[in-house]
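Step one of this worksheet: look at the structure below.
The values are calculated or read from the model by the stated rules, or taken from the named source; none is laboratory data. The model shown is predicted, which means the values in this text are computed figures rather than measured ones. In this analysis, Cβ positions are derived from the backbone assuming ideal geometry, glycine residues included, and neighbour counts consider all displayed protein chains.
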Amino acid sequence: MNNEIIKSNVPRLTVCLRNNLNVTVGAASPLHFHDELELLPIYRGSLHCVVGDVDYTAGEGDIVFVNTRVPHYTYFPEECDYGLVQFRETDFIDGEILQIIKYSARFRNMEDEPVRIFKNRELFELLKGVIEEAECQNVAFDFYIRSGIFGILGCLYRTGILTNAEAMYASKEVQKIHSALSYINTHYSEGITLDEISAHEGLDPSYFCRVFKAATGATFTEYLNFVRVCKAETMLARSTLGILEISEAVGFSSVSYFGRIFKRYRGCSPRTYRSAQYVKISRGERA
């Protein structure tokens, strides 16, 4: 499985925008994942996106949305024309807010299907517009693209495809557990308990659970394990530590439990995740 390192084709922006036209029957991309969100407007023909045992089919006028770090592959049962828009949502969010809310926003965004096939004319035209700007590169095209990406995010937030991290941060529920999120982000590797975290917040455990669930969409244990998995991802990719060592380093009590939780959130084992080959994607290649 490939972890694609997306090569930006817009100056000063970490985005990849291009058209893939006249894709031949039988063409396919290997199983891969990437840090970026991916949106594919389908102009003609059809495209299949496969995640695990689920085969998602998109036709003319559809938009394919693939969430970040979702292992998937695509294939084409007929000739197809489609666009490609890839960018990291985190590059367009306030950095201070991101430090607190990033894991809870990412958890919220994983609650639904990892791939969505839907129609939205406004979003379709925005996607086509930023791709056209990248291809034509008229004066100030990068400013138009930046504006377009914000418009795309606005559509994704408004339609519920993504959770708006900044709006989530401003909610009264998150403000009540703001320091708890910071505490977990820092002390995730320790044996944090519900009693400890609720005492840290000065709240009754049962009340803390209700507020935490309302704010994050997760129980305390689910959220803590998700943060640990996110931390483990980085260690699997960037360190030479063994699976057991990483499991212990991020706070899991056993390597088997770590493996089960990791697969629940990532759809593959830690070992498979680590074995991903890193490839660069340049203009003109399929996603």
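Conditions tested, residue by residue: (1) crowded, with 24+ Cβ neighbours inside 10 Å; (2) in contact (Cβ under 8 Å) with a residue 40 or more places away in the chain; (3) not β-branched (Val, Ile, Thr).
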position	(1), (2), (3)
Gly45	no, no, yes
Val51	no, yes, no
Val64	yes, yes, no
Val70	no, yes, no
Phe76	no, yes, yes
Cys80	yes, yes, yes
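Scanning region 236-254 for residues that are assigned to a helix (DSSP H, G or I), at pLDDT 90 or above and in contact with a helix residue (DSSP H, G or I) (Cβ under 6 Å, 6 or more places away or on another chain) turns up Ile243, Leu244, Ile246, Ser247. Is it the case, given these coordinates, that Glu96 is over 13 Å from Leu40 (Cα atoms), surrounded by fewer than 19 Cβ atoms within 10 Å (Cβ to Cβ) and at pLDDT below 95? So Glu96 passes the test.
Against the definition (within 27 Å of His32 (Cα to Cα) and under 18 Å from the mean Cα position of the chain (by Cα)), how does Lys128 come out, yes or no?
On the way: within 27 Å of His32 (Cα to Cα): yes; under 18 Å from the mean Cα position of the chain (by Cα): no.
The answer is no for Lys128.
Taking (1) in a loop (DSSP other than H, G, I, E, B); (2) within 21 Å of the chain's Cα centre (by Cα) in turn, Glu222 satisfies each apart from (1).
Flag: Ala215 matches the condition of being surrounded by 13 or more Cβ atoms within 10 Å (Cβ to Cβ), farther than 19 Å from Val70 by Cβ and either under 18 Å from the mean Cα position of the chain (by Cα) or modelled with pLDDT under 90 (or both).
Consider region 181-207. How many of its residues are loosely packed, with under 13 Cβ neighbours inside 10 Å, within 28 Å of the chain's Cα centre (by Cα) and not charged (D, E, K, R)? So the count comes out to 3.
Looking at region 162-198, which of its residues are in a loop (DSSP other than H, G, I, E, B), at pLDDT 90 or above and not charged (D, E, K, R)? Correct list: Tyr188, Ser189, Ile192, Thr193. Looking at region 118-129, can you tell me whether even one residue there is touching a Phe, Trp or Tyr at 6+ places or on another chain (Cβ under 9 Å), outside any helix (DSSP H, G or I), farther than 19 Å from Asn19 by Cβ and in contact (Cβ under 8 Å) with a residue 40 or more places away in the chain? Looking for residues that are touching a Phe, Trp or Tyr at 6+ places or on another chain (Cβ under 9 Å), outside any helix (DSSP H, G or I), farther than 19 Å from Asn19 by Cβ and in contact (Cβ under 8 Å) with a residue 40 or more places away in the chain, one finds at least one in region 118-129, hence yes.
Under the condition of being within 24 Å of Glu233 (Cβ to Cβ) and among the hydroxyl-bearing types (Ser, Thr, Tyr), the residues counted in region 57-77 number 3. Whether any residue in region 21-43 is without any contact (Cβ under 8 Å) to a residue 24 or more places away in the chain and not β-branched (Val, Ile, Thr) is what I want to check. Checked against the condition, which is being without any contact (Cβ under 8 Å) to a residue 24 or more places away in the chain and not β-branched (Val, Ile, Thr), region 21-43 yields no hits at all.
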